[in-house]
Amino acid sequence: MKQLRQRAIRDVVDRRAIRTQLELAAALRELGFPATQATISRDVAELGLRKVGRAGTQAYAVPAPLRESDATGEERLRALLHNLPLQVRLSGQIVVLKTLPGSAHAIAAAIDRAHWPEVAGSIAGDDTVFVAVAGRAPASKLRDRLARLAGQ
């Protein structure tokens, strides 16, 4: 159901100027996809939707690199982090990322898909991602890399 809903979201934002998550929820209901605000928020983050100028207003759009199934984890991560508030901190050999509720899973999945050698693995909650790293120096390097991808 999630894949079908997200495909419907991509189709809707490609065809219409959707300005808010409320408008997106209404469009999905018209297509037979009832979804809560939390679900819509999570889908927007996972799809990496961005607001762009369209028909004289700011509306959601699917970033071009994410339209292709071969987008790398780093490309997906850059797109996700670009539009989300993010705090990146170190705790020993763990990099802790704090973001919006419902966004952590998409970020953790993109980190895992990037296959960075310093990353041992990640665990995502609702708004927090813990990334295990093999040492303090690689943890600092990862923190800096994530901050850079987020535009910080």
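Worth pointing out:
- Entry remark, segment 40-58: residues being modelled with pLDDT under 90, open to solvent by 30 Å² or more (accessible area, probe 1.4 Å) and outside any loop (DSSP other than H, G, I, E, B) number 7 in total.
- Yes/no for residue 91 being among the hydroxyl-bearing types (Ser, Thr, Tyr), open to solvent by 50 Å² or more (accessible area, probe 1.4 Å) and at pLDDT 85 or above: yes
- Assessment of segment 115-122 against the conditions (out of contact with any strand residue (DSSP E or B) (no Cβ under 7 Å at 6 or more places or on another chain) and closer than 13 Å to residue 46 by Cβ) yields no matching residue.
- Residue pairs meeting the criteria (Cβ under 6 Å; at least 6 apart or on separate chains; first closer than 18 Å to residue 61 by Cβ, in segment 1-14; second of a type in the set (Ser, Thr, Tyr) and open to solvent by less than 90 Å² (accessible area, probe 1.4 Å)): 13/60
- When segment 81-100 is filtered for residues that are of a type in the set (A, V, I, L, M) and part of a helix (DSSP H, G or I), only 81 remains.
- Residue ID - farthest from residue 77 (Cα to Cα), chosen from residues in segment 120-147 that are of a type in the set (Lys, Arg) and surrounded by 12 or more Cβ atoms within 10 Å (Cβ to Cβ): 141
- Taking the criterion of being over 12 Å from residue 89 (Cα atoms), touching a Lys or Arg at 6+ places or on another chain (Cβ under 9 Å) and touching a residue at least 40 places away in the same chain (Cβ under 8 Å), the residues of segment 125-150 that qualify are 133, 149, 150.
- Pick from segment 25-38, criterion touching a Lys or Arg at 6+ places or on another chain (Cβ under 8 Å) and open to solvent by 10 Å² or more (accessible area, probe 1.4 Å), ranking: farthest from residue 5 (Cα to Cα): 35
- Residues within segment 1-19 that are under 22 Å from residue 105 (Cα atoms) and exposed (fewer than 15 other Cβ atoms within 10 Å of the Cβ), tallied: 5
The values are calculated or read from the model by the stated rules, or taken from the named source; none is laboratory data. Being a predicted model, the structure only gives us computed values, none of them experimental. Note that we place each Cβ from the backbone using ideal geometry, even for glycine, and neighbour counts take in every protein chain shown. Only protein heavy atoms, including side chains, enter the accessible area calculation; ligands, DNA and RNA are left aside. Shrake-Rupley method; radii C 1.70, N 1.55, O 1.52, S 1.80 Å.
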